[in-house]
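Enquirer: Structure in structure tokens, see below.
What follows draws every value from the coordinates through simple rules; no lab data is involved. Predicted model, so just to flag it, every value in this text is computed and none were measured. Don't worry about glycine lacking a Cβ; one is built from the backbone with ideal geometry, like all the others, and counts go over all protein chains shown.
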Amino acid sequence: MTRLLVTGGSGFIGSHLIPKLAELGHEVYSLERYVTGRYVLGAKTMTVFGDLRDSFTIRKLVREAQPDAVIHLASISPVAYSYDHPQEVFDVNTLGTINLAEACLREVPHFKHFLFAGTSEEYGNQTEFPIKEDAELRPNSPYSVSKVAADKYLEYMRDAYDFPVTVLRSFNTYARKDNVHFVVERTITQMLQDKTVKLGDPTPVRDLLYIDDHVDAYMTCLDNEKARGDVFNFCTGRGVSIKELVDQIASLVDFDGEIIWGTIPARPLDVKKLVGSYEKAKRVLGWKPKYTLEEGLKKTVDFWKNKLEG
């Protein structure tokens, strides 16, 4: 059994990951800034409260919890939000990560592993595909810049102190059960409820990862000696345009209504294509995605049908 501290436990990834960790007998502490009421984490999880931006509180919390490992998922992640709130995004995503990692380094003598939720957004606009981990990072939003800054700080800690960090750069993940502000969930729920669907730009190409595969990436990396000190992409290696994605969903739900494009404001800068290579994760860790896009979309559609009908 391992004692784990998970940040962002009540969010999309954390709410799926924590039950898996608890099932395996890990002692899980979930760090929350406030009670959101979005998810129930279960009896086997202990909730602790603190703000990542408060270095004193975080050091005290880590000193008391003495985690063997940390899974750091918490961040302000909506890219669009980051353009209007760059200071808040940097305070949470960059300084919060520094506060947490430094606390683990200084306060836990036996600390074993720090898993950091990187993002494919760090790559920005590339010219060679699929994108590999050694590609130049070209962040083009306050969100992705904040993630690169945190990533680089953890790299410094690895080199200076042999800090046991793994950076997981997961590509666009879908199958949310509450939030309909992302393209897959927005499209499915609109098509199931309305005759008119309003969306943004149909041309960007994305590599879409089903939630169970994303969770499996963390389970594969945790306490894995081969993962320590390294960076891995987690993706499918397959790109699909937003237009192709929407057409697939329309087929699954038998949608025959109207689709209106261009109803969401364009970002100041946008990534036209994000398609990754998971070859390194497969070679080093033995990880590969289990779900095709078609299988994942069908499961997501079935969930939302049941939820909306119920």
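Enquirer: Can you work out ³J(HN,Hα) from phi for every residue in region 202-212, in order, using Karplus 6.51 cos²θ - 1.76 cosθ + 1.60 and θ = phi - 60°, giving whole Hz and x for Gly and Pro?
Expert: Each residue of region 202-212 in turn: x, 8, x, 10, 10, 9, 9, 10, 6, 3, 5 Hz.
Enquirer: Just add up the charged neighbours of ILE211: K/R +1, D/E -1, any other residue whose Cβ is under 10 Å from the Cβ of ILE211.
Expert: Overall, the nearby charge balance is 0.
Enquirer: Once amide H atoms are placed 1.01 Å from N in the peptide plane, what residues at a sequence separation of 5 or more from ALA74, or on another chain, have their amide H within under 5 Å of its amide H?
Expert: When sequence neighbours closer than 5 places are left aside, the close amide H contacts are THR7, GLY8.
Enquirer: Please compute the modelled spin-label separation between LYS272 and GLU309, points set 7 Å along Cα→Cβ, answer in nm with one decimal.
Expert: 4.2 nm
Enquirer: If you filter region 219-310 for GluC sites (Glu not before Pro), then keep DSSP loop positions with at most 14 other Cβ within 10 Å, what is left?
Expert: When the GluC sites (Glu not before Pro) of region 219-310 are filtered for loop state and at most 14 Cβ neighbours within 10 Å, GLU225 remain.
Enquirer: Next question. Return the long-range amide H neighbours of ILE259 (sequence gap of 5 or more, or a different chain), with a cut-off of under 5 Å between placed amide H atoms.
Expert: VAL197
Enquirer: Per the Kirkwood definition applied to all pairs of different Cα atoms, how many angstroms is the hydrodynamic radius of the chain?
Expert: So the Kirkwood estimate lands at 20.1 Å.
Enquirer: For the pairs LYS282/LYS307; LYS60/LYS273; LYS44/LYS226; LYS112/LYS307, note any where the Cα-Cα span goes beyond 31 Å.
Expert: Flagged as over cut-off: LYS282/LYS307; LYS60/LYS273; LYS112/LYS307.
Enquirer: Next up: Quick check for me: using +1 on Lys/Arg Cβ and -1 on Asp/Glu Cβ, what's the dipole size of the chain about its Cα centre, in debye to the nearest 20?
Expert: Approximately 260 debye in magnitude.
Enquirer: To continue, here is another question. Report Rg (one decimal) and Dmax (nearest whole number) for region 230-310, counting Cα atoms only, units Å.
Expert: For region 230-310, the Cα radius of gyration and maximum Cα-Cα distance read 16.4, 47 Å.
Enquirer: I've got another one for you. Please report how far the C-alpha centroid of region 265-310 lies from that of region 124-166, rounded to the nearest whole angstrom.
Expert: 21 Å
Enquirer: Let me ask something else. Please list 3J(HN,Hα) in residue order for region 256-264, calculated via the Karplus relation 6.51 cos²θ - 1.76 cosθ + 1.60 where θ = phi - 60°; whole Hz, with x for glycine and proline.
Expert: 10, x, 9, 10, 10, 8, x, 8, 10
Enquirer: Once you place label points 7 Å from the Cα toward the Cβ at ASP223 and LYS290, how far apart are they in nm?
Expert: Computed distance between label sites ASP223 and LYS290 equals 1.9 nm.
Enquirer: Follow-up question, since we're still on this one. Along each of the three principal axes of the Cα atoms of region 184-280, give the extent in whole Å, ordering the values from largest to smallest.
Expert: 51, 30, 18
Enquirer: Note down the net charge around VAL62, summing +1 for each Lys or Arg and -1 for each Asp or Glu among other residues with Cβ under 10 Å from its Cβ.
Expert: Charge balance in the 10 Å sphere: +1.
Enquirer: How high is the relative contact order of the chain, given as a whole-number percent (alpha carbon pairs under 8 Å, six or more residues apart)?
Expert: That works out to 17 percent.
Enquirer: With springs connecting C-alpha atoms under 10 Å apart, model the chain as a Gaussian network and identify which of GLN248, GLN193, GLN126 has the largest mean-square fluctuation.
Expert: GLN193
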